[in-house]
Amino acid sequence: MDNQKIVDFDSLGRNVGRFNIKGKKFLIPQMNKIGGRLLAGTFRGFGIQAILMDTYKGMDLGKQYTSGKECYPCQVTMGDVLYFLKKEKERLGDSFDPEDYVYFMPESDGPCRFGVYNKYQRIVLDSFPEFRRVKIGALTTKDGYSLEGIIDEERVGDLRKASYLSVVVADILDRVLWRVRPYEREEGMADEFIENATKQMEEAFERYGASLEFDKILDQLDEIVAQAREIIDPSIPPKPLIGIVGEIYLRTHVQSNQDLIRVLERHGAEVVNASIAEWVNYTTYDRLREAKINFRLHLKQARFKEIRDDIKRMLSYGVDLVYQQSKQKKVYERIGKFLNIPEDHKVAHLEKTLKKEDLFTFDVGTEACLSIAGILEYASHGFNGVVNVYPFTCMPSTATAAIVKPLMDRLGIPYLDTPYDDSSQPGREAAIRTFMYQAYQHFKRHGRGLHSKNRGLPHANRVSVNKGAQ
Ligand code: SF4
């Protein structure tokens, strides 16, 4: 390593931020495979050379260039980008030009460590002379992942709409997989079907996303979901329903969570994982909430310039949120005609739930807001067990565990914490088996879709998942 350059902190300002990606290779880390592919397809439709990087092949590099104290997703993504760039350098030799690449690593404004992944990764990339000029493109939750500045201004709104739809459709493909796989007629059918469906949707987003011909994409999605129903063997009885919450990367990156959903299914579960769109909606909601708080404050102080800016922000985030949530709802309603899969709740409803139970507050922020409220929702919808998935030492998820564990005990709903790093914990399989035994007992006593009227939990529309395999 060139130690001198490790301390080039100016590089954090110069080479991490919002860059125009026109003509560049835009490197997307693979968190959720389906989501990553649809997003890459969407970007390609806008003329951006988007590449979804392979994942987990560079884990040795990830470990070599971290101390072990970083969050696990930081290690994994560190390894992914180093592995990709090294392979690219090998492949292209002298024609490798670091200026051709923008590596996409978003950030949040805290209070946890996600705000510094890209700074840390910048320092590591700067330690390789050949990668110093690879830029890191950072979208941030500070402005609700605004895409301004990364492509021509007049296309920003369209890219945002198409990207958001790709996130919703990817969530649906995942939910279809988890809905049908536990009941498939032949082993492997569901995985193969979803692999083909992902390819079809990736091509559809590439072809129709940029022209906003969303109906052409959604017509194909309708057909896919209708066909998926045929995979279900109706003679297989319903199984205990398990809800997953937790840190977004870990719960969606199957290599990091050691394919937890499949392991739960092997032990007799049907699983629903929290969605990615929920997080996107949350970041927009949180910015709107912040703008409203500032507006009230500035009104009291009679600071008129600030009031004008707050109103602008409230309008902008308000419009985005209404668009996102209504789009998401419409798509779920469409495909709900073909297959019964659970929808997301509005973020405002989740905040109301937390307030009502007085367990946590959106003022603290982080995914704990969604995880704690999500667990309450699962409980009120009669799920037979809940799993909290997170990187070892993750701050928001540890807070979630501390708050929720005693509550689940009181409600008699099986609950399991599953922290992960890259080691395999010898007791994990036994813990999952025990958890699933408890979930099965809960299922035998209460069935699924049990309403929580008498449990002191919030009422909500029941997810109608207790109608047999179909
Ligand atoms: S959410 Fe957890 S894993 Fe992610 S950055 Fe924060 S502390 Fe780390």
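Which one of Leu139, Leu147, Leu92 is away from the ligand (no atom under 16 Å from the Cβ) and either aromatic (Phe, Trp, Tyr) or surrounded by 15 or more Cβ atoms within 10 Å (Cβ to Cβ) (or both)?
Within the list Leu139, Leu147, Leu92, the selection yields Leu147.
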>> So Ala269 ticks every box in (1) surrounded by fewer than 22 Cβ atoms within 10 Å (Cβ to Cβ); (2) over 16 Å from the mean Cα position of the chain (by Cα) but one. Which box is left unticked?
In response: (1)
> What is the number of the single condition among (1) under 15 Å from Tyr65 (Cβ atoms); (2) away from the ligand (no atom under 16 Å from the Cβ); (3) in contact (Cβ under 8 Å) with a residue 60 or more places away in the chain that Arg155 does not meet?
Replying inline: (1)
> Can you name the condition, by its number, that Pro73 falls short on among (1) within 11 Å of the ligand (Cβ to nearest atom); (2) out of contact with any Leu (no Cβ under 9 Å at 6 or more places or on another chain)?
Replying inline: (2)
> Just a yes or no: is a residue in segment 346-369 buried (at least 23 other Cβ atoms within 10 Å of the Cβ), part of a helix (DSSP H, G or I) and within 16 Å of the ligand (Cβ to nearest atom)?
Replying inline: yes
> Filter segment 324-345 for residues that are among the charged types (D, E, K, R) and at pLDDT 95 or above; which is nearest to Glu107 (Cα to Cα)?
Replying inline: Lys327
> So which of Tyr101, Tyr83, Tyr117 ends up being surrounded by 18 or more Cβ atoms within 10 Å (Cβ to Cβ) and within 15 Å of the ligand (Cβ to nearest atom)?
Replying inline: Tyr117
> Can you list the helices (runs of 4 or more DSSP H) found entirely within segment 1-109 that contain at least 1 residues being of a type in the set (D, E, K, R) and more than 23 Å from the chain's Cα centre (by Cα)?
Replying inline: 3-6, 10-14, 59-64, 72-92
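Looking at this structure, is Asp417 at pLDDT 95 or above, within 16 Å of the ligand (Cβ to nearest atom) and not in a helix (DSSP H, G or I)?
Values: at pLDDT 95 or above: yes; within 16 Å of the ligand (Cβ to nearest atom): yes; not in a helix (DSSP H, G or I): yes.
For Asp417, the condition - at pLDDT 95 or above, within 16 Å of the ligand (Cβ to nearest atom) and not in a helix (DSSP H, G or I) - is met.
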> Quick check, is Glu306 surrounded by fewer than 22 Cβ atoms within 10 Å (Cβ to Cβ) and over 30 Å from Met436 (Cα atoms)?
Replying inline: yes
>> Can you tell me which condition Asp80 does not meet? The list is (1) modelled with pLDDT of 95 or more; (2) acidic (Asp, Glu); (3) farther than 29 Å from Ala204 by Cβ, and all the others hold.
In response: (3)
> Hey, any hits in segment 162-173 for a residue that's at pLDDT 95 or above, within 22 Å of Ile34 (Cα to Cα) and touching a strand residue (DSSP E or B) at 6+ places or on another chain (Cβ under 7 Å)?
Replying inline: no
>> What are the pairs with Cβ atoms under 7 angstrom where one residue, in segment 59-74, is in contact (Cβ under 8 Å) with a residue 60 or more places away in the chain and farther than 17 Å from Leu85 by Cβ and the other, located anywhere, is basic (Lys, Arg) and within 8 Å of the ligand (Cβ to nearest atom)? Sequence gap at least six, or different chains.
In response: Cys71/Arg113
>> Can you say whether Thr434 is free of Cβ contacts under 8 Å to residues at least 60 places away in the same chain, assigned to a helix (DSSP H, G or I) and away from the ligand (no atom under 11 Å from the Cβ), as far as the supplied structure shows?
In response: yes
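Answer yes or no as to whether Asp219 is within 20 Å of the chain's Cα centre (by Cα) and not aliphatic (A, V, I, L, M).
no
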> Which of the residues belonging to segment 370-400 are within 12 Å of the ligand (Cβ to nearest atom) and surrounded by fewer than 24 Cβ atoms within 10 Å (Cβ to Cβ)?
Replying inline: Phe392, Thr393, Met395, Pro396, Thr398, Ala399
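Of all residues in segment 129-166, how many are of a type in the set (Gly, Ala, Ser) and assigned to a strand (DSSP E or B)?
Qualifying residue count, segment 129-166: 1.
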>> All but one of (1) touching a residue at least 12 places away in the same chain (Cβ under 8 Å); (2) surrounded by fewer than 22 Cβ atoms within 10 Å (Cβ to Cβ) hold for Ala170; state the number of the condition that does not hold.
In response: (2)
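Got a sec? Which helices (runs of 4 or more DSSP H) wholly within segment 225-325 have at least 2 residues that are among the aromatic types (Phe, Trp, Tyr) and more than 16 Å from the ligand (Cβ to nearest atom)?
Once the helices (runs of 4 or more DSSP H) in segment 225-325 are filtered for at least 2 residues that are among the aromatic types (Phe, Trp, Tyr) and more than 16 Å from the ligand (Cβ to nearest atom), what remains is 276-301.
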> List pairs: first in segment 247-267 and assigned by TED's automatic domain parsing to the domain that holds Asn32 and of a type in the set (Phe, Trp, Tyr), second outside any loop (DSSP other than H, G, I, E, B) and more than 16 Å from the ligand (Cβ to nearest atom), Cβ under 8 Å, 6+ apart or cross-chain?
Replying inline: none
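The values are calculated or read from the model by the stated rules, or taken from the named source; none is laboratory data. On a predicted model such as this, the values are computed, not experimentally measured, just so you know. All Cβ positions, even for glycine, are placed from backbone atoms using ideal geometry, and neighbour counts span all protein chains on display.
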